[in-house]
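The values are calculated or read from the model by the stated rules, or taken from the named source; none is laboratory data. The structure presented is a predicted model; accordingly, all values stated were derived computationally and were not measured. FYI the Cβ positions are ideal-geometry reconstructions off the backbone, even for glycines, and counts take in every protein chain you see. Please note that ligands, DNA and RNA were not included when accessible areas were found on the heavy atoms of the full protein model with its side chains. Shrake-Rupley method; radii C 1.70, N 1.55, O 1.52, S 1.80 Å.
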Amino acid sequence: MTTHALASSPAEQARIPELDRIELITVSLPFVQPFATSVHSWAVKEALLLRLESGGVVGWGECVADPDPYYSYETTQTARHIFKDFLLPQVETGLTFAELGQRLKPVRGHGMAKAMLENALLDLVARQRGVPLHELLGWPSRRIPSGISIGIKDTIPELVSAVEDALRRPYHRVKVKIMRGKDVAWVRAVRQAFPQIALMADANGDYRPEDAPLLRELDAFGLTMIEQPLSFSDIIQHAALQRELATPLCLDESIHDLDDARAALSLDACRIINIKQGRVGGLLESLRIAAHCHERGIGVWSGGMDETGIGRAFNLHLQAAAGFTLPGDTSETSRYFAEDIVEPGVVLSPDGFIEMPTGPGIGVQVLEDRIARFELQRERLR
Ligand SMILES: [Mg+2]
């Protein structure tokens, strides 16, 4: 397949249909257990959803921003503001997705708000055409190898037992969150208990360049990667750190778009990129980043933002694309929610894969009665 075919999705030329009804809905879903990173712990999932209706067909988008700015500067409230005041006014019937992308370019950043809009429009168009989203994006269905992400625990035995629990399911790799003070000894304990598993660590930006000697100790544990050890805004210092480490670095928070990915690869600041479509402005920019990495032999994978079943389905369809060579973070729904807002939920096959949804659009049924039950706010814009 040529570079050009890889970089350009047929969805770029699809046209935006007339929108009869536009609603923003905020939902709050309790997590089965709180999820903690080096920065913050979340007990509920608050998500901003976009519901679009056109000719009786409904498309859905999910914004991956949290209500707080502890993963990204974007929040559910900034996304609402940017969407209503700057993005929606640029949407016009008959525009192609490529043209819409150009119109949204002057809005700097706010990739999460942009992704919500693009997601909902792509789902709507795919549903109107009666095709699965991955087909509109230009990729055949495939089975997705699943990994699991385990949050910060209070004690080392709790972490080891959480990994043991996770491994009762056939996940293809285990990621543990680390932070300063909960790192080398914690990873060593997991590695000693499970010598064979594919293991990686995610620091969510908790370390400083002067922590390089400590991070170098992690080289002893054969990790597949260390994710985002340094600041969420840094690329340069990661390049210096990568030169000192044998373990590949993976950038997550630092990559906001294709330009960031280009900069990171040209500086050798990482050997792997975690593409969160909801963070980099949507599926089409994700495909551009994946193609750029693929051409350079750099592996990418699809991270998660603890999405509801709507966002989770978008992440699955994205992983049909070439370049997603590493297991992603899309794990089973039951780990996150007792009740989700879509059916069916994500389940693992006995060999640790997730089947791509087969129906039109994102391919899952959105349960509007459940959404009404979990709803905090609903705003009709058209
Ligand atoms: Mg991460």
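Residues whose amide H falls under 5 Å from that of residue 95, counting only those 5 or more places apart or on a different chain, are 16, with hydrogens built in the peptide plane. For residue 337, nonlocal amide neighbours, meaning residues 5 or more places apart or on other chains whose placed amide H falls under 5 Å from its own, are 32. The residues packed around residue 352, meaning those with a beta-carbon under 13 Å from its beta-carbon, carry a net charge of +1 if Lys and Arg are +1 and Asp and Glu are -1. Taking the protein heavy atoms of segment 140-360 in the context of the full set of protein chains, the accessible area attributed to carbon and sulfur is 53 percent at 1.4 Å.
Think of each Lys and Arg Cβ as +1 and each Asp and Glu Cβ as -1; about the Cα centre, that makes the dipole of the chain roughly 360 debye. Under a Gaussian network description of the chain, with springs only between Cα atoms under 10 Å, the residue in 238, 172, 40 that fluctuates furthest is 40.
Descending by average beta-carbon neighbour count within 10 Å, the peptides 261-269, 220-228 line up as 220-228, 261-269, the highest first. The residues of the chain expose, per residue, 39 Å² of accessible area to a 1.4 Å probe.
If R0 is 41 Å, the Cβ-Cβ spacing of residue 20 and residue 192 corresponds to a FRET efficiency of close to 0.10.
Give the carbon-plus-sulfur fraction of the accessible surface of segment 52-114 in %, rounded to a whole number; probe 1.4 Å, heavy atoms of protein chains only. Carbon with sulfur: 53 percent of the solvent-accessible area. If I ignore ligands, DNA and RNA and count only protein heavy atoms, how much of residue 358 is accessible to a 1.4 Å probe, in Å² to the nearest 10? It works out to around 120 Å².
3J(HN,Hα) couplings calculated from phi for segment 299-316 with the Karplus curve 6.51 cos²θ - 1.76 cosθ + 1.60 (θ = phi - 60°) are, in sequence order, x, 10, 8, 9, x, x, 10, 6, 5, 5, x, 5, x, 4, 5, 4, 4, 5 Hz; Gly and Pro show x.
Largest GNM mean-square fluctuation across 185, 201, 321, computed for the chain with C-alpha springs under 10 Å, falls on 185.
Which percentage, to the nearest 5, of the DSSP beta bridges contained in segment 140-360 is antiparallel? Present the calculation step by step, with values, prior to reporting the outcome.
Details: 3 of 22 bridges.
Here the antiparallel bridges make up roughly 15 percent for segment 140-360.
Please go through the residue pairs 114/153; 45/153; 45/175; 177/276; 84/177; 114/182 and name each one whose alpha carbons sit more than 24 Å apart in this structure. From 114/153; 45/153; 45/175; 177/276; 84/177; 114/182, over 24 Å: 114/153; 84/177; 114/182. Note on segment 140-360: with charges restricted to the Cβ of Lys and Arg (+1) and Asp and Glu (-1), its dipole about the Cα centre is near 500 debye.
Spin-label pair residue 77-residue 43: with each label point 7 Å from Cα along the Cα-Cβ axis, the two points sit 2.0 nm from one another.
Residue 260 contributes an accessible area of around 40 Å² to the protein surface, as traced by a 1.4 Å probe with all chains present. Label zone of residue 210 (point 7 Å out along Cα→Cβ, amide N under 20 Å): in segment 175-196 this covers 179-184.
Ordering 140, 226, 152 by the projection of their Cα atoms onto the charge dipole of segment 133-240, which places +1 on the Cβ of Lys and Arg and -1 on the Cβ of Asp and Glu, puts 140 at the extreme positive end.
Among 109, 82, 171, whose Cα lies farthest out toward the positive end of the dipole of the chain, if unit charges sit on the beta carbon of Lys, Arg (+1) and Asp, Glu (-1)? Value: 171. Scalar couplings 3J(HN,Hα) for segment 38-45, obtained by applying the Karplus form with A = 6.51, B = -1.76, C = 1.60 to θ = phi - 60°, are 5, 9, 7, 10, 10, 9, 10, 9 Hz; x denotes Gly and Pro. How much net charge surrounds residue 158 when only the other residues with a Cβ under 15 Å from the Cβ of residue 158 are counted, with Lys and Arg +1 and Asp and Glu -1? Counting the neighbours of residue 158, the net charge comes to 0.
Which GluC sites (Glu not before Pro) does segment 281-374 hold that lie in a coil by DSSP with at most 13 other beta carbons within 10 Å? Please report the intermediate quantities before stating the final value.
On the way: sites: 285, 295, 307, 332, 339, 355, 368; in loops: 307, 332, 339, 355.
In loop regions of segment 281-374 (DSSP not H, G, I, E or B), the sparsely surrounded GluC sites (Glu not before Pro) are 339.
Here's the picture: charge each Lys and Arg Cβ at +1 and each Asp and Glu Cβ at -1 in the chain, and of 261, 40, 190 the one pushed furthest to the positive end of that dipole is 261.
When the helix-only estimate is applied to the chain (DSSP H runs of n ≥ 4, each -39,500 (n - 2.57), divided by the residue count), what is the mean residue ellipticity at 222 nm, nearest 500 deg cm²/dmol? Display every interim value, and only then the final one.
Details: 13 runs with 118 residues, N = 382.
It lands at -8500 deg cm²/dmol.
Under 5 Å from the amide H of residue 182 lies no amide H of any residue 5 or more positions distant or on a separate chain, with H modelled from the backbone and absent for Pro and chain starts.
Assign unit charges at the C-beta atoms only (+1 for Lys and Arg, -1 for Asp and Glu), then state the dipole size of segment 246-346 relative to its Cα centre in Debye, rounded to the nearest 20.
On the way: 8 positive and 15 negative charges, 72 e Å.
Charge dipole, segment 246-346, about its Cα centre: 340 debye, nearest 20.
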